[in-house]
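Notes follow once the structure below has been shown.
The values are calculated or read from the model by the stated rules, or taken from the named source; none is laboratory data. On a predicted model such as this, the values are computed, not experimentally measured, just so you know. Using ideal geometry, Cβ is built from the backbone for each residue, glycine included, and neighbour counts are taken over all protein chains shown. For the accessible areas, the whole protein counts, side chains as well, though only heavy atoms, and no ligand, DNA or RNA atoms are used. Shrake-Rupley method; radii C 1.70, N 1.55, O 1.52, S 1.80 Å.
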Amino acid sequence: MTTYRAPLDDIRFVLRDVVGADQLPNLPGLEEATPDVIDAVLAEAARMSETVLFPLNQSGDAEGCVYDNGVVRTPAGFPEAYAKYAAGGWTSVTAEPRYGGQGLPGLVNFVIDEIMISGNMAFTAVPGLSHGAYNAILQHADDDLKDLYLPKLSDGTWTGTMCLTEPQCGSDLGLIRAKAAPADDGTYRLSGTKIFITAGEHDMAENIVHLVLARLPDAPAGTRGISLFLVPKFLPAEENGAVRPGPRNGVLCAGIEHKMGLHASPTCTMAFNDATAWLVGAPHKGMRAMFTMMNVARLAVGMQGLGVAETAYQNALAYARERPQGRPLTGTGANGSAVPIIEHADVRRMLMTMKAQVEGGRALAYWTALHVDVAMRHPDPAQRQAADDLVALMTPVVKAHLTDLGQEVADLAIQVHGGYGYIRDTGIEQLVRDVRIARIYEGTNGIQALDLVGRKLPEGTGRLLRQVFHPIDAFLSQHAEDPAAASLVTPLAKAFGRLQRVTVGMAQAALADPTEGAAAAHDYLKLLGHVTIGYLWARMGLIAKAKAGGSDAEARFHDTKLKTAEFYLQRILPHASAHAAAIAGGATAVMAVEPEAF
Ligand SMILES: Cc1cc2nc3c(=O)[nH]c(=O)nc-3n(C[C@H](O)[C@H](O)[C@H](O)COP(=O)(O)OP(=O)(O)OC[C@H]3O[C@@H](n4cnc5c(N)ncnc54)[C@H](O)[C@@H]3O)c2cc1C
């Protein structure tokens with residue numbers, strides 16, 4: 001049996017001391033988001049996750065979803081848990097008050113995501129997609145659609161989906177074949193097959209709102225000819241002034257997938273047959289509208305990596321403290337009885353790797369998420385643009401680096417458990433199976449790296465990159481002469497220097513030959529991820545040092561933070577050098593063997 005307790009002290013440390021969430025109430029519209037309010041919301045989120053979602057995690061995996069003639073049944077307890085989730089207001093955290101939402105900061109929602117995902121990743125797929133659908137409708141649909149659908153998505157009585165993938169088209173959305181033809185009444189009739197649709201059909205809500213990419217009859221080929229449509233499972237009907245699900249629309253679930261993990265989340269094949277559809281946004285501009293949904297979703301998938309990693313770490317730590325095995329190499333116990341495995345250096349290495357990655361990943365995620373709120377609400381357009389640049393740059397890094405990290409940490413949790421980790425009953429192997437998909441969906445991690453190197457780096461000749469390079473540079477200059485900070489600052493300075501050199505070299509090589517950029521993309525994303533987390537850890541280390549003292553518990557908390565910072569900078573950041581060296585190796589070695597010669 002696994003366990004999970006929301007790490008509220010660690011979360012609070014990052015929010016308050018590292019990313020400055022206390023300033024959120026200064027942003028227009030977020031006046032209510034005071035530290036006390038945020039604390040209270042997160043304490044409730046912890047309760048929801050620990051007592052309602054987490055107890056269903058292993059049973060949901062074992063039972064899975066069942067498909068029967070167009071109907072999908074989720075595992076026992078899931079519909080009731082969803083009802084509690086919606087009644088608790090967790091579907092409406094960031095929704096606008098005029099649509100029944102609570103108008104809380106996006107940052108708070110990302111933290112809640114982490115906590116809920118740690119409890120039960122499969123469950124969170126449904127509200128996660130609804131949140132994305134809400135945002136796409138809010139930003140791109142006309143007022144009638146907003147007024148009709150947003151209150152329902154906000155209160156959770158209806159859920160949302162994102163229908164992009166087709167059998168012949170995954171990463172390359174230009175290959176989409178689904179078609180929508182205009183009808184006389186201003187709506188459209190949409191036909192086609194979408195596959196792998198998360199929560200395309202389920203028994204947790206009374207209606208499902210599909211956001212579907214399809215082509216109009218006059219659409220140009222490729223991604224420039226894709227439009228976004230809203231297709232409800234049941235057409236909305238009005239009764240006594242209230243909206244309820246009306247007649248069934250022409251959309252049916254034709255089956256669900258049998259998958260490696262995430263068994264409690266239905267992955268559906270959806271058949272659209274002359275379904276009544278409404279255009280969202282302008283014709284042929286569907287990719288732009290869908291990107292609104294995908295950018296939020298990509299950060300949320302990064303939180304999946306982080307959330308699962310936290311649970312994996314907690315369980316590995318608990319096991320390592322309990323499992324007696326082996327004798328210490330030194331000291332009086334060398335010939336005595338077996339000691340808990342946490343005493344052994346190799347197990348400690350694994351636990352420190354997990355801890356440093358999780359807490360560093362959390363800092364990266366929250367730092368990026370704070371800028372989402374600044375980009376949306378800051379009164380100064382220059383500040384909004386700067387924050388938007390940082391979010392645009394770091395979204396692929398948060399998505400890919402944190403989901404890689406989730407996989408690595410979950411895998412280490414199996415290793416710490418030894419053979420018991422490989423056995424189903426302990427629940428650890430489920431974490432590896434569940435989190436694996438996060439590196440694939442919402443744009444594979446390979447596609448994220450291409451987005452970073454091919455689109456984000458060249459934008460405004462490196463304008464986006466400045467939002468990360470400038471703060472690191474300023475931090476290093478500020479602490480360059482401080483010998484007490486050397487254990488943190490020196491390794492960061494070296495890695496940052498390497499990142500700067502590689503960036504210039506790669507940009508020049510990619511200009512001459514785009515394959516150079518593509519072949520370097522994965523390593524560049526990892527390099528940037530490691531150095532940015534290294535910067536955040538160096539800051540966290542110095543903050544912890546400055547806060548030394550206080551009660552015994554506080555002193556130990558900050559001392560452990562400082563030691564974990566040193567571990568990251570001295571034992572994990574060196575991986576950045578390997579990525580830099582791989583990039584310097586160039587594309588030739590990658591492409592030298594012709595496809596037929598493999
Ligand atoms: C459990 C699950 C849930 C999902 N939920 C949804 C959902 O709700 N809605 C939805 O629309 N889809 C969903 N998907 C689909 C998912 O988004 C796709 O699987 C994903 O985008 C990858 O597409 P693909 O599987 O066709 O792989 P492909 O695109 O065929 O990619 C295969 C490999 O080739 C690489 N590759 C492809 N093109 C390039 C390129 N140009 N350059 C370099 N490398 C490239 C990829 O990185 C990958 O490694 C889900 C999938 C699963 C398994």
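Quickly run through the stretch 187-220 and pick out the residues that are open to solvent by 40 Å² or more (accessible area, probe 1.4 Å) and either touching a Cys at 6+ places or on another chain (Cβ under 6 Å) or within 16 Å of the ligand (Cβ to nearest atom) (or both).
Listed by number, the residues that qualify are THR193, PHE196.
Quick one: which residue in SER154, SER118, SER92 is in contact (Cβ under 8 Å) with a residue 12 or more places away in the chain, in a loop (DSSP other than H, G, I, E, B) and touching an Asp or Glu at 6+ places or on another chain (Cβ under 9 Å)? Talk me through it step by step, then tell me what you get.
Values: SER154 fails: in a loop (DSSP other than H, G, I, E, B); SER118 fails: in a loop (DSSP other than H, G, I, E, B).
Checking each option against the conditions leaves just SER92.
Residues in the stretch 274-297: is at least one within 30 Å of ILE414 (Cβ to Cβ), polar (S, T, N, Q) and part of a helix (DSSP H, G or I)?
Our first condition is that a residue be within 30 Å of ILE414 (Cβ to Cβ); within the stretch 274-297, this holds for 297.
Add one more test, that the residue is polar (S, T, N, Q), and what stays is none.
Scanning the stretch 274-297, I find no residue that is within 30 Å of ILE414 (Cβ to Cβ), polar (S, T, N, Q) and part of a helix (DSSP H, G or I), so the answer is no.
Given the conditions (1) assigned to a helix (DSSP H, G or I); (2) within 15 Å of the ligand (Cβ to nearest atom); (3) more than 23 Å from VAL374 (Cβ to Cβ); (4) over 16 Å from the mean Cα position of the chain (by Cα), report the number of the one that GLY160 does not fulfil.
If we test GLY160 against (1) assigned to a helix (DSSP H, G or I); (2) within 15 Å of the ligand (Cβ to nearest atom); (3) more than 23 Å from VAL374 (Cβ to Cβ); (4) over 16 Å from the mean Cα position of the chain (by Cα), just (1) comes out false.
Of everything in the stretch 427-479, what is closer than 25 Å to ALA312 by Cα, assigned to a helix (DSSP H, G or I) and more than 16 Å from the ligand (Cβ to nearest atom)? Give them in sequence order.
Passing the criteria: ILE428, GLU429.
Note down all Cβ pairs under 6 Å where the first residue falls in the stretch 440-453 and is closer than 16 Å to LEU528 by Cβ and β-branched (Val, Ile, Thr), the second is more than 9 Å from the ligand (Cβ to nearest atom) and open to solvent by less than 20 Å² (accessible area, probe 1.4 Å), and they're at least six residues apart or on different chains.
VAL453/GLY517; VAL453/TYR524
Any residue at all in the stretch 313-324 that's touching a strand residue (DSSP E or B) at 6+ places or on another chain (Cβ under 9 Å), open to solvent by 10 Å² or more (accessible area, probe 1.4 Å) and small (Gly, Ala, Ser)?
Within the stretch 313-324, the subset touching a strand residue (DSSP E or B) at 6+ places or on another chain (Cβ under 9 Å) is 320-324.
Going one step further and asking which of them are open to solvent by 10 Å² or more (accessible area, probe 1.4 Å), we end up with 321-324.
Next, from what is left, pick out any that are small (Gly, Ala, Ser): none.
No, the stretch 313-324 contains no residue that is touching a strand residue (DSSP E or B) at 6+ places or on another chain (Cβ under 9 Å), open to solvent by 10 Å² or more (accessible area, probe 1.4 Å) and small (Gly, Ala, Ser).
How many of the residues in the stretch 235-283 are free of Cβ contacts under 8 Å to residues at least 12 places away in the same chain and open to solvent by less than 30 Å² (accessible area, probe 1.4 Å)?
1
Just to check your reading of the model, which residue among ALA320, ALA387, ALA356, ALA309 is assigned to a helix (DSSP H, G or I) and within 30 Å of LEU138 (Cα to Cα)?
On the way: ALA320 fails: within 30 Å of LEU138 (Cα to Cα); ALA356 fails: within 30 Å of LEU138 (Cα to Cα); ALA309 fails: within 30 Å of LEU138 (Cα to Cα).
None of the others qualify; the one that does is ALA387.
If we scan the stretch 258-273, do we find a residue that is more than 16 Å from the ligand (Cβ to nearest atom) and either more than 27 Å from the chain's Cα centre (by Cα) or at pLDDT below 95 (or both)?
First pass over the stretch 258-273, keeping only residues more than 16 Å from the ligand (Cβ to nearest atom): 273.
Among the residues that remain, those that are also either more than 27 Å from the chain's Cα centre (by Cα) or at pLDDT below 95 (or both) are: 273.
Yes, because at least one residue in the stretch 258-273 is more than 16 Å from the ligand (Cβ to nearest atom) and either more than 27 Å from the chain's Cα centre (by Cα) or at pLDDT below 95 (or both).
Before we move on, is ARG177 within 27 Å of GLY443 (Cβ to Cβ), touching a helix residue (DSSP H, G or I) at 6+ places or on another chain (Cβ under 7 Å), within 16 Å of the ligand (Cβ to nearest atom) and of a type in the set (Lys, Arg)?
Details: within 27 Å of GLY443 (Cβ to Cβ): yes; touching a helix residue (DSSP H, G or I) at 6+ places or on another chain (Cβ under 7 Å): no; within 16 Å of the ligand (Cβ to nearest atom): yes; of a type in the set (Lys, Arg): yes.
Considered against the rule, which asks whether it is within 27 Å of GLY443 (Cβ to Cβ), touching a helix residue (DSSP H, G or I) at 6+ places or on another chain (Cβ under 7 Å), within 16 Å of the ligand (Cβ to nearest atom) and of a type in the set (Lys, Arg), ARG177 comes out as no.
Out of the residues in the stretch 408-430 that are closer than 17 Å to LYS259 by Cα and open to solvent by 10 Å² or more (accessible area, probe 1.4 Å), which is farthest from the chain's Cα centre (by Cα)?
Top of the filtered list is ARG424.
Which one of these is within 15 Å of VAL397 (Cβ to Cβ) and surrounded by fewer than 21 Cβ atoms within 10 Å (Cβ to Cβ): GLN500, GLN478, GLN467, GLN570? Let's see the steps before the verdict.
Values: GLN500 fails: within 15 Å of VAL397 (Cβ to Cβ); GLN478 fails: within 15 Å of VAL397 (Cβ to Cβ); GLN570 fails: within 15 Å of VAL397 (Cβ to Cβ).
When all the criteria are applied, what remains is GLN467.
Among the residues of the stretch 291-303, is any of a type in the set (Phe, Trp, Tyr) and either farther than 23 Å from ASP113 by Cα or touching a strand residue (DSSP E or B) at 6+ places or on another chain (Cβ under 9 Å) (or both)? Spell out how you get there, then give the answer.
Within the stretch 291-303, the first condition is being of a type in the set (Phe, Trp, Tyr), and the residues that meet it are 291.
When the remaining residues are screened for being either farther than 23 Å from ASP113 by Cα or touching a strand residue (DSSP E or B) at 6+ places or on another chain (Cβ under 9 Å) (or both), the result is none.
No, every residue in the stretch 291-303 fails to be of a type in the set (Phe, Trp, Tyr) and either farther than 23 Å from ASP113 by Cα or touching a strand residue (DSSP E or B) at 6+ places or on another chain (Cβ under 9 Å) (or both).
Among the residues of the stretch 146-186, how many are open to solvent by less than 10 Å² (accessible area, probe 1.4 Å) and on the phi < 0 side of the Ramachandran plot?
Narrowing the stretch 146-186 to residues open to solvent by less than 10 Å² (accessible area, probe 1.4 Å): 149-150, 153-154, 156, 158-161, 163, 166, 169, 176, 178, 180.
Still in the list and also on the phi < 0 side of the Ramachandran plot: 149-150, 153-154, 158-161, 163, 166, 169, 176, 178, 180.
Number of matching residues: 14.
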